[in-house]
Amino acid sequence: MIWGVNMQGQFLYIATFIILVALFIFMINSVIRKKRVSKYRDILDNLEREKNLIASTPVLSELSKVEPIIKNEKMEEKFNRWQDRFEEIKKVNLAKIDDMIVDLDTYFEKKDYQTCRYRIAKTELEIYKAREKANHLIEEIKEITLSEEKYRNIVTKLKTKYRKENKEYQDHKDLYDDMQEAIALQLENIERRFLDFEHAMEQNEYNEVVHIVKALDTMIDHMGIIIEEVPDVLLMAKQLIPKRMREVESTYQEMVKEGYPLEYLNLEYNIKESTNNINTILDKVKVLNLEDCMFELKTILDYLDSLFVDFEKERLSRKVYEEINRDFSSKLEKVNKLVSDVYNQLESIKNTYDLNDEDLEIIKEVNKTLVVINDDYQNLEKRVQANSTPYSMLHKEIEDLTVRLKEMEESFDVALKSLGNMYDDEERAREQLVEIESFLKQCKLKIRSYKLPIITDEYFVQLAEANEAIGEVIKELEKKPIVIKTLNTRVDTARDLVLKLYNTTNEMIKTAQMAEIIIVYGNRYRDTYTEVDAGLQQAEKEFFKGNYKKSLDTSIKTTKLVDENIYKKLLAVYDD
């Protein structure tokens with residue numbers, strides 16, 4: 001029983017939910033239908049409104065304004081054509097749009113919305129075509145109805161502009177020289193066109209009015225250009241440029257007399273061509289054709305001004321050339337002499353010194369380069385004498401020659417430095433040979449001055465080595481060519497050996513002297529001390545054998561038995 005009650009409650013709940021959902025869907029559909037109906041109704045109303053706006057275009061009102069001003073067949077023909085076109089818009093285009101709107105209303109009532117959308121698009125297109133035709137028609141009509149006011153305003157402004165230009169001309173008439181007649185004729189033509197305008201307006205010939213107004217605008221603009229530019233054109237063509245030409249020709253003649261080669265400027269031909277161009281420009285101006293006249297005149301004037309720049313450039317270049325040429329000529333002469341001396345003595349130098357291939361090649365290349373520089377300079381001088389080359393070019397050429405000569409000098413300095421070093425090494429070797437021989441002689445004199453009982457073998461060996469080394473130096477100096485590297489080695493060896501002999505000689509004599517002094521000093525103790533007597537006898541034996549070092553050591557050791565300070569005393573005595 002309870003279970004049955006529960007089932008009934010559930011069914012009731014489900015049924016209620018379904019009913020509510022159905023009501024909600026129904027309400028939504030109703031809202032959508034109303035919105036759709038409202039949307040399409042608005043579209044239809046808008047199409048109807050657009051059609052009515054086209055029908056209410058003020059064509060008839062504008063045509064009524066045209067009717068009173070019809071004074072010729074052309075205007076009457078246009079008027080009739082406009083009426084026909086407006087009737088066509090009403091009876092054909094608007095009637096068709098009416099039918100299309102009615103059809104739309106039928107499809108709408110049938111709720112055929114898909115067809116409705118297609119028909120709406122076609123109707124909008126037809127409305128657009130009709131509106132364009134009506135607008136175009138009204139514009140054509142207004143072109144006539146508004147023409148008089150429009151063109152009179154334009155012509156009034158043109159007259160104001162013309163009066164200003166005419167006043168400007170009349171106030172400065174004397175500036176226009178023989179152009180006055182042509183300008184007066186043009187002014188008469190403009191005034192005649194103003195009269196033509198009035199006649200056309202009276203006859204309502206608006207097609208002709210358009211051409212007259214355009215012609216007036218063009219003529220007045222052109223006259224403004226003429227009045228503004230002709231005085232400047234005449235001033236430049238008849239005064240400024242001819243005066244500048246005379247100045248150029250005068251300066252040109254003066255510089256030619258001073259020796260400046262100016263043929264490259266081709267002045268006579270260019271002046272003649274410029275004069276012809278000016279005459280052509282004046283002919284164009286006489287017929288009031290100013291196209292490019294000012295530009296061409298400015299071009300001629302700029303050309304004449306550029307000639308003064310060229311003249312000044314030539315003057316400066318000549319000054320610089322002459323300064324550089326003096327320095328270059330002097331330097332070239334010195335370099336020629338130096339290189340010639342070296343090159344002419346090259347065989348002798350090769351016989352004197354063992355030159356390497358690189359040094360020889362540098363000297364040969366320097367000589368070749370110098371020959372070319374001399375040839376180029378001689379050619380330059382010939383052209384200067386012939387007065388055939390402008391100084392602006394000569395200036396650059398002499399600068400180029402100066403650079404080339406400097407580079408050649410730098411290469412030559414490398415070779416000269418190498419030769420100079422060889423010569424210096426040879427002279428230094430000869431001077432050192434003299435010093436070494438003098439040193440050796442001092443050694444010999446010193447050894448002879450001190451009567452030693454025996455001279456050691458070491459001394460004679462070193463003496464022989466020193467003599468041999470000196471002989472090798474002499475041989476190297478007598479060789480042709482001299483190998484400087486070998487010579488320097490021989491000199492260094494001889495110097496080292498002689499110094500070694502000198503030191504050996506001094507050391508041997510010093511040792512012998514000190515040994516002799518100690519023995520003499522110790523003799524006073526011989527009778528008293530037998531050990532001293534025995535030791536000194538041994539020292540004397542070593543002394544006479546030539547063992548001076550051993551003799552010194554023995555005598556010092558023996559004497560110390562009776563005098564501990566003997567060595568210090570010996571040094572003091574020897575130093576004194």
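Readers should treat all values here as calculations from the given coordinates under stated rules, not as data from a laboratory. The shown structure was predicted, so the numbers you read here are calculated from the model rather than taken from an experiment. Note that each Cβ is placed from the backbone with ideal geometry, even for glycine, and that neighbours are counted across all protein chains shown.
Tell me the net charge near Ala386. Cut-off is 15 Å between Cβ atoms, Ala386 excluded, with +1 for each Lys or Arg and -1 for each Asp or Glu. Its environment carries a net charge of -1.
Between Asp42 and Ser392, what's the calculated FRET efficiency when r is the beta-carbon distance and R0 is 60 Å? Round to 0.05.
Details: r = 88 Å, r/R0 = 1.47.
Between Asp42 and Ser392 the formula returns 0.10.
Over all other residues within a Cβ to Cβ distance under 15 Å of Met508, the charged ones net out to +3, with Lys and Arg as +1 and Asp and Glu as -1. Take the cross-link list Lys510/Lys541; Lys446/Lys510; Lys272/Lys396; Lys334/Lys364; Lys444/Lys545; Lys313/Lys396 and give me the ones stretching past 23 Å between alpha-carbons. Long pairs (Cα-Cα over 23 Å): Lys272/Lys396.
When the inverse distances between all different Cα atoms of the stretch 233-291 are averaged and flipped, the Kirkwood radius reads 12.8 angstrom.
Taking 0.36 nm per residue of sequence separation and removing the Cα-Cα distance, the Thr275/Asn52 pair yields an extension gain of 72.8 nm. With R₀ fixed at 30 Å, the C-beta to C-beta distance from Asp375 to Lys319 puts the FRET efficiency at about 0.70. Using a simple spin-label model with points 7 Å from Cα along the Cα→Cβ vector, what separation in nm is obtained for Ile509 and Arg524? Each label point lies 7 Å from its Cα, and together they span 2.8 nm. Under the simplified labelling scheme, the Ser438-Gln385 pair shows an inter-label distance of 5.8 nm, with each label point 7 Å from Cα along Cα→Cβ.
Inter-label distance, Ala534 to Phe460: 3.5 nm, where each label sits 7 Å from its Cα along the C-beta direction.
Extension gain for Tyr303-Glu249 works out to 18.1 nm (0.36 nm per residue, less the C-alpha to C-alpha distance).
Using only the alpha carbon atoms of the stretch 149-291, find the Kirkwood hydrodynamic radius as the inverse mean reciprocal pair distance, in angstroms to one decimal.
Details: mean 1/r = 0.0549 Å⁻¹.
This gives a value of 18.2 Å.
Fewest neighbouring Cβ atoms within 10 Å first, the residues Leu394, Leu316, Leu380 line up as Leu316, Leu380, Leu394.
Remark: the Asp327-Lys159 segment gains 52.9 nm on full extension, using 0.36 nm per residue and subtracting the alpha carbon distance.
May I ask for the net charge around Glu165, where only other residues with Cβ less than 15 Å from the Cβ of Glu165 are counted and Lys, Arg are +1 while Asp, Glu are -1? Numbers along the way, then the final one.
Values: positive: Lys157, Lys159, Lys161, Arg163, Lys164, Lys167, Lys173, Arg193; negative: Glu168, Asp171, Glu188, Glu191, Asp217, Asp221, Glu228, Glu229.
Neighbourhood net charge equals 0.
Note on Thr218 and Lys406: with the Förster distance fixed at 60 Å, the Cβ-Cβ geometry gives a FRET efficiency of about 0.30.
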